[in-house]
Amino acid sequence: MRKKIVAGNWKMNLTLSQGEQLLNDIVNAGLKLEDDVAVVVAPPFPYLQKAKSILQHNPGFFVAAQNCASEKSGAYTGEVSAEMLKSIGVDYVILGHSERREYFNESNEILAKKVDLVLANGMKAIFCCGEPLAVRQAETQNEYVAKQLEESLFHLPAEALKDIVIAYEPIWAIGTGLTASAQQAQDMHAFIRAQVAKKYDRETALRLTILYGGSAKPGNAPELFACEDVDGGLIGGASLVAKDFAAIAQSF
Ligand SMILES: O=C[C@H](O)COP(=O)(O)O
């Protein structure tokens with residue numbers, strides 16, 4: 001049985017007190033989580049320790065960073081290393097979000113280095129992939145996503161895949177209110193799983209958690225999560241509203 005995850009990516013939102021309030025509202029929402037469901041919260045860097053201190057006493061809740069440096073340590077002003085994140089108890093690191101790829105020029109090669117550093121420091125990576133609108137319109141999304149996986153993940157040995165979560169986020173659905181249909185999500189998730197099975201083996205592919213991201217809301221999460229290969233979601237906007245995030249976490 002593979003793990004199901006609902007992860008909230010706050011992006012660059014909220015002050016510390018607003019974030020604390022949101023975390024307390026989430027843990028007090030009375031969520032009934034099955035043993036195979038994890039709730040992950042990814043606040044901005046300055047709030048990670050506070051988030052850890054609030055969530056660590058709640059079974060099934062974990063903390064994620066939204067990014068990390070591609071170098072181990074040294075003269076890289078403004079960067080935050082994987083080792084630093086590990087040292088404050090971070091569990092997961094989101095890597096390769098399309099906003100990082102687009103605004104901060106993160107290439108597949110840079111992301112491969114980040115993946116290695118996250119895993120070397122004993123954390124799990126939530127690796128984001130997904131195509132822009134023009135690629136979807138040209139119906140070449142499978143090739144596009146396959147290249148992202150090939151160049152950033154498929155250098156890993158099979159056993160390392162236990163620490164990888166893949167988040168499929170079609171860029172045209174992020175923050176736009178346009179959600180991929182359940183069929184579009186299922187088709188891509190099945191394709192991703194098949195790529196992993198081809199590169200590694202069927203068992204490794206079946207164990208892999210694959211999340212959907214892009215305008216997921218309480219209203220559409222049940223249909224998306226009911227798809228065979230959709231194991232949860234990476235939630236942006238709706239993760240900033242405790243009752244919406246809690247509802248999505250109960251949508252399996
Ligand atoms: O990381 C989350 C995704 O970018 C989805 O964001 P969204 O739910 O606001 O569309």
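The values are calculated or read from the model by the stated rules, or taken from the named source; none is laboratory data. All values derive from a computational prediction rather than experimental measurement. Neighbour counts run over all protein chains shown; Cβ positions are idealised from the backbone, glycine included.
What to note about this one:
- Residue in region 140-149 that is part of a helix (DSSP H, G or I), in contact (Cβ under 8 Å) with a residue 60 or more places away in the chain and within 16 Å of the ligand (Cβ to nearest atom) present: no
Let's see how each residue does on (1) under 28 Å from Asp244 (Cα atoms); (2) under 19 Å from the mean Cα position of the chain (by Cα); (3) at pLDDT 95 or above; (4) aliphatic (A, V, I, L, M):
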residue	(1), (2), (3), (4)
Trp172	yes, yes, no, no
Thr176	yes, yes, no, no
Glu203	no, no, yes, no
Leu206	no, yes, yes, yes
Leu211	yes, yes, yes, yes
Ala221	yes, yes, yes, yes
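- Restricting attention to region 122-147, the residues that are surrounded by 13 or more Cβ atoms within 10 Å (Cβ to Cβ) and within 16 Å of Val165 (Cβ to Cβ) total 9.
- Residue within region 67-83 that is touching a strand residue (DSSP E or B) at 6+ places or on another chain (Cβ under 6 Å), in contact (Cβ under 8 Å) with a residue 24 or more places away in the chain and buried (at least 16 other Cβ atoms within 10 Å of the Cβ) present: yes
- Any hit, region 41-60, residues being under 18 Å from Ile210 (Cα atoms), of a type in the set (Phe, Trp, Tyr) and in contact (Cβ under 8 Å) with a residue 24 or more places away in the chain: no
- Filter result (without any contact (Cβ under 8 Å) to a residue 60 or more places away in the chain and within 15 Å of the ligand (Cβ to nearest atom)) within region 84-101: Val93, Leu95, Gly96, Arg100, Arg101
- Highlighted here would be strands (runs of 3 or more DSSP E) found entirely within region 1-102 that include at least 1 residues which are among the acidic types (Asp, Glu) and within 19 Å of Val165 (Cα to Cα), but there are none.
- Of the helices (runs of 4 or more DSSP H) lying entirely inside region 166-252, those carrying at least 3 residues that are more than 9 Å from the ligand (Cβ to nearest atom) and buried (at least 21 other Cβ atoms within 10 Å of the Cβ) are 182-199, 221-225, 242-249.
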